[in-house]
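The values are calculated or read from the model by the stated rules, or taken from the named source; none is laboratory data. Because the structure is predicted, anything quoted here is derived from the model rather than measured. Cβ placement follows ideal geometry from the backbone for every residue including glycine, while neighbour counts extend to all protein chains displayed. Calculation scope for accessible area: heavy atoms of the full protein, side chains included, ligands and nucleic acids excluded. Shrake-Rupley method; radii C 1.70, N 1.55, O 1.52, S 1.80 Å.
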Amino acid sequence: MVGAEHETSAARFADVARALQLATTVDEVLQRIVELAVETIAGCDHAGVSLVVRDVISTAASTDPIVIEMDRIQAETGEGPCIDAIRRQATFESRDLTRERDWPRFARRAVAAGVHSMLGVRLFIAEDTFGALDLFSESVGGFDADDRRI
């Protein structure tokens with residue numbers, strides 16, 4: 001017997017697949033992905049896709065200006081969960097940026113901008129280009145186990 005949670009997830013992913021079919025360019029696909037992340041992931045207030053080409057980080061898609069600001073701060077400080085997701089591991093999370101020790105310069109500025117938790121997930125775009133799906137929450141502990149699984 002299929003549980004209600006499984007049915008809800010299946011329906012959610014079917015909706016995502018239908019929405020992505022409407023996109024006709026890579027830029028449209030990336031933009032739709034970040035919009036769907038905010039719509040689909042309960043703890044996500046803002047989302048973006050960061051790309052790294054020849055060690056230069058750029059924002060390929062974003063739901064709003066705060067995402068561009070977070071990418072700019074990470075690029076300026078050279079630290080943050082999305083940079084670590086791109087360069088070192090598949091996923092990085094900070095549940096409470098006010099207590100973050102790995103990225104102190106980034107965290108201080110992110111909190112001042114209203115971001116209190118983040119989730120960065122590595123994306124492989126091409127051989128020389130790596131990226132990350134960057135999820136931002138205005139709440140401490142904004143992402144739970146279901147959010148990470150999605």
Exercise. Among the residues of the range 104-126, which ones are surrounded by fewer than 24 Cβ atoms within 10 Å (Cβ to Cβ) and either aromatic (F, W, Y) or in a helix (DSSP H, G or I) (or both)?
Worked result: P104, R105, R108, R109, V111, A112, F124
Exercise. Across the range 75-97, what is the total count of residues that are in a helix (DSSP H, G or I), open to solvent by less than 10 Å² (accessible area, probe 1.4 Å) and either more than 16 Å from G131 (Cβ to Cβ) or among the aromatic types (F, W, Y) (or both)?
Worked result: 1
For this session: Report, by residue number, each residue of the range 52-74 that is under 16 Å from R108 (Cβ atoms) and open to solvent by 50 Å² or more (accessible area, probe 1.4 Å).
Result: E69, R72
Exercise. So which pairs qualify, if the first residue must be in the range 137-150 and modelled with pLDDT under 90, the second must be in a helix (DSSP H, G or I) and of a type outside the set (D, E, K, R), the Cβ gap must be under 9 Å, and the two must be at least 6 apart or on different chains?
Worked result: D146/S9; R149/S9; I150/S9; I150/F13; I150/A37; I150/T40
For this session: Write out, first by first residue and then by second, each pair whose Cβ atoms fall under 9 Å of each other, whose residues are 6+ apart or on separate chains, and whose first residue, in the range 49-76, is over 10 Å from V34 (Cβ atoms) while the second is open to solvent by 60 Å² or more (accessible area, probe 1.4 Å) and of a type in the set (S, T, Y).
Result: none
Seminar exercise, completed: Note: among A37, A42, just one is aliphatic (A, V, I, L, M), within 12 Å of the chain's Cα centre (by Cα) and either buried (at least 19 other Cβ atoms within 10 Å of the Cβ) or assigned to a loop (DSSP other than H, G, I, E, B) (or both), namely A37
